Structure formats: structure tokens, C-alpha cells
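Below is one structure, written out as C-alpha cells, with a few remarks after it.
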Amino acid sequence: MRLPEPMLASPVDRLPAFDGQVAAEPKWDGFRALVWRPRDGPVEIVSRRGTPLARAFPDIAAAAERDLPGDCLLDGELVVWNAGRLDFDLLQQRLRSGTAAAARLAATTPAHFVAFDLLCLGEIGLMPLPYRERRAALERLCAGLAPPWTLCPSTTEREQALEWLGEQWAVAGLEGLVLKRMGQAYLAGQRGWRKLRSRSTTEAIVGGVSPSLARPQTVLLGRLDADGRLRYVGRTTALNAPQAHALAETLEPAPPGHPWTGRRFTASWGSREPLAVALTAPELVAEVSADAAVDRGKWRHPVRWVRLRADLSPADAPPFGQGDQPSAG
């Protein structure tokens with residue numbers, strides 16, 4: 001079976017009115033994935049970018065083989081809990097690990113799969129059905145499942161959605177809300193849902209580092225404009241030692257024709273002191289924490305490095321010119 005592209009969400013800056021036709025679900029700090037348990041053949045786990053993940057998550061693959069009925073296709077989020085909160089770094093360790101190391105991690109820090117949509121069950125394709133009917137079928141399926149399977153909470157009550165945006169849920173690692181129309185079909189590859197972040201973070205593309213690939217201390221960030229060109233948007237504050245080490249292991253030198261070739265960067269805003277820069281292949285996406293001070297699409301102040309987002313591609317970062325942060329208002 002050719003797996004569909006996941007349905008996606010567009011950002012909004014505040015919670016809409018709830019009219020009984022909108023459902024809110026928590027937005028999880030994990031890896032978006034489809035889990036396909038065919039009637040015959042091996043289980044497939046595929047990221048939103050189409051990357052096979054079964055080798056990195058043998059615990060989930062084995063559970064799907066054991067627990068799910070034949071020809072079952074789930075959409076959801078791979079997560080790892082650690083010390084009472086979601087741990088994105090442990091998830092990324094799975095991607096960087098070989099088969100034996102992934103098996104060890106599965107034993108010591110097992111993953112869970114938070115299911116929020118059911119796209120196929122047996123011979124029945126559910127994608128054309130409205131969300132309310134897919135949700136009802138998913139609830140019936142999950143009623144008979146135990147961990148590592150988790151049914152994603154869903155509510156049509158605005159008060160409950162506001163609680164999920166609160167500090168207690170954010171501390172646990174939840175990122176906000178995904179908003180879905182009750183009557184909407186599953187639109188593969190389309191941004192038919194909406195998402196509201198509870199954290200003041202955003203994404204940008206790693207375009208270079210200073211002073212060198214081997215010793216990155218700060219990161220130069222960019223975003224794609226309407227013509228697909230990488231535009232410079234700002235630089236991070238100094239990385240700490242673990243962040244610098246982890247980033248150095250993933251950096252690749254810039255290929256010929258990098259759009260910033262020959263560009264001069266300065267050490268700080270308004271400074272004339274040149275900055276030593278090593279350009280990188282603009283393929284990595286970073287999550288950063290930034291304030292709302294934006295000047296012509298660029299952050300006026302240095303942003304704080306949060307982490308790499310191995311689950312995102314450069315096209316997933318917000319476009320050039322989108323620098324303000326959403327609020328939960």
C-alpha cells in the first residue's frame with residue numbers, strides 16, 4: 001500500500017470560538033508518524049517526510065504487529081516520556097542510533113504512540129469520512145489497546161482547551177493545540193487543520209555557524225522567501241557545550257552556490273567588526289525562542305537556541321517575513 005501524506009496544520013494566533021463544530025487536541029512534542037499494520041507483510045512506520053522509522057522504533061513496530069488488526073493505518077505522534085515530561089532529545093537519539101542501539105534505547109526508554117486519527121481499518125478506507133466519524137472509530141479501536149498505545153484527548157469545550165494551553169501541560173512538554181473541524185475529511189498533504197502554540201518558539205533554517213563547523217558557538221539562521229531563496233533572519237546567542245557538540249556532529253559544509261557566499265556578517269547589531277562564519281548546507285531546521293522585535297523580516301535581537309528539529313524539512317519552517325510569535329489569547 002502506498003501510504004498517504006499526512007494532513008498538516010497552519011498556525012493561528014489565538015483560540016477560535018467553539019461552536020460545537022471544532023475539536024481541539026493537544027499538540028505533542030514528538031515525531032509525527034503513520035503506523036501501517038498490513039494484513040500480510042512487515043509493519044511500516046513512516047515520518048511526515050516519508051522517512052522509514054521502524055528500525056529506530058522496534059518497540060512500536062513489535063507492538064503494532066502484536067496489537068493492531070490487519071490493514072490498520074494510524075496517524076499520530078511518537079513520544080518518549082522521561083522524568084514526568086516528554087523528552088525530544090531521546091527521540092532524536094533513536095534516529096541517530098543503529099539497530100542494536102535503538103533496541104537498547106527501546107528497552108531503557110520505551111516510546112509511546114499517541115494516536116489521533118484512523119485512516120484505514122480492514123477493507124474500509126476512512127479518509128473521506130468526517131473527523132467525527134473517524135474519531136469514533138479510533139476510540140472504539142483504542143478501547144481495546146494498552147501502552148504503548150495512547151488515545152489522544154479531544155474536546156469540543158473551550159474551557160478544556162484553555163486548560164491544555166496552561167502552564168501545567170506546557171511543563172510536561174505539550175506544545176499547544178491542534179484544531180479540527182468536526183465535519184472535515186482527512187485531506188492528505190493539505191494544511192486543513194489549525195495549530196496554536198503555547199510556547200514562544202518558532203523554526204528557522206541553519207545557514208551557517210560561527211566560528212567554524214567543528215566549533216560552532218553561534219548559529220546563523222535563515223528562512224525561504226516566496227521565490228525559494230534563503231534569506232538571513234538572525235543569529236543565536238552562544239550555544240552551551242552539549243548543544244555545540246551535538247550540532248557539530250550534524251553539520252555539512254555548504255555546497256557551491258550557497259546564497260550567502262561572499263556575504264559579510266558582523267559580530268553584533270550595529271557593529272562593524274567582521275564575524276568569522278562557516279556556511280553550511282541549508283538542510284537542517286532549528287527550533288529557537290525569539291521575541292517579537294522584528295525589522296524587515298529579521299530578528300532585531302539574538303534568539304535562543306532550543307534544539308534541532310530532525311523531523312522537519314526547510315520547507316516546514318515559517319516563510320521569510322513571518323517573525324511574530326503566536327499567543328494563546
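The values are calculated or read from the model by the stated rules, or taken from the named source; none is laboratory data. Remember, predicted model here, so these are calculated numbers, not experimental data. Counting neighbours? That spans all protein chains shown, and the Cβs are built from the backbone with ideal geometry, glycine included. Side chains included, ligands, DNA and RNA excluded: accessible areas come from the protein's heavy atoms. Shrake-Rupley method; radii C 1.70, N 1.55, O 1.52, S 1.80 Å.
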(request) List the strands (runs of 3 or more DSSP E) that sit entirely inside the range 192-242 and contain at least 3 residues that are in contact (Cβ under 8 Å) with a residue 60 or more places away in the chain and open to solvent by less than 10 Å² (accessible area, probe 1.4 Å). (result) 201-211, 216-224
(message) ASP75 - would you say it is at positive phi and in contact with an Asp or Glu (Cβ under 8 Å, 6 or more places away or on another chain)?
(response) no
(message) Please count how many residues of the range 2-27 are in contact (Cβ under 8 Å) with a residue 60 or more places away in the chain, among the acidic types (Asp, Glu) and closer than 18 Å to ARG132 by Cβ.
(response) 1
(message) For the range 95-129, give me each residue that is in contact with a strand residue (DSSP E or B) (Cβ under 7 Å, 6 or more places away or on another chain) and among the polar types (S, T, N, Q).
(response) THR109
(request) For residues that are modelled with pLDDT of 95 or more and under 13 Å from VAL288 (Cβ atoms), tally how many sit in the range 214-234. (result) 6
(message) I need the full set of residues from the range 28-48 which are in contact with a helix residue (DSSP H, G or I) (Cβ under 9 Å, 6 or more places away or on another chain), touching a residue at least 40 places away in the same chain (Cβ under 8 Å) and of a type in the set (D, E, K, R), in order please.
(response) ASP29, GLU44, ARG48
(message) Given the options ALA278, ALA248, name the one that is surrounded by 15 or more Cβ atoms within 10 Å (Cβ to Cβ), at pLDDT 95 or above and within 11 Å of GLY207 (Cα to Cα).
(response) ALA278
(message) Considering only residues that are at pLDDT 95 or above and under 17 Å from the mean Cα position of the chain (by Cα), which ones fall in the range 10-31?
(response) GLU25
(message) For the range 310-325, give me the residue count where each residue is modelled with pLDDT of 90 or more, more than 18 Å from GLN92 (Cβ to Cβ) and open to solvent by less than 30 Å² (accessible area, probe 1.4 Å).
(response) 1
(request) Check LEU145, LEU162, LEU174, LEU187 and return the single one that is assigned to a loop (DSSP other than H, G, I, E, B) and open to solvent by 40 Å² or more (accessible area, probe 1.4 Å). (result) LEU187
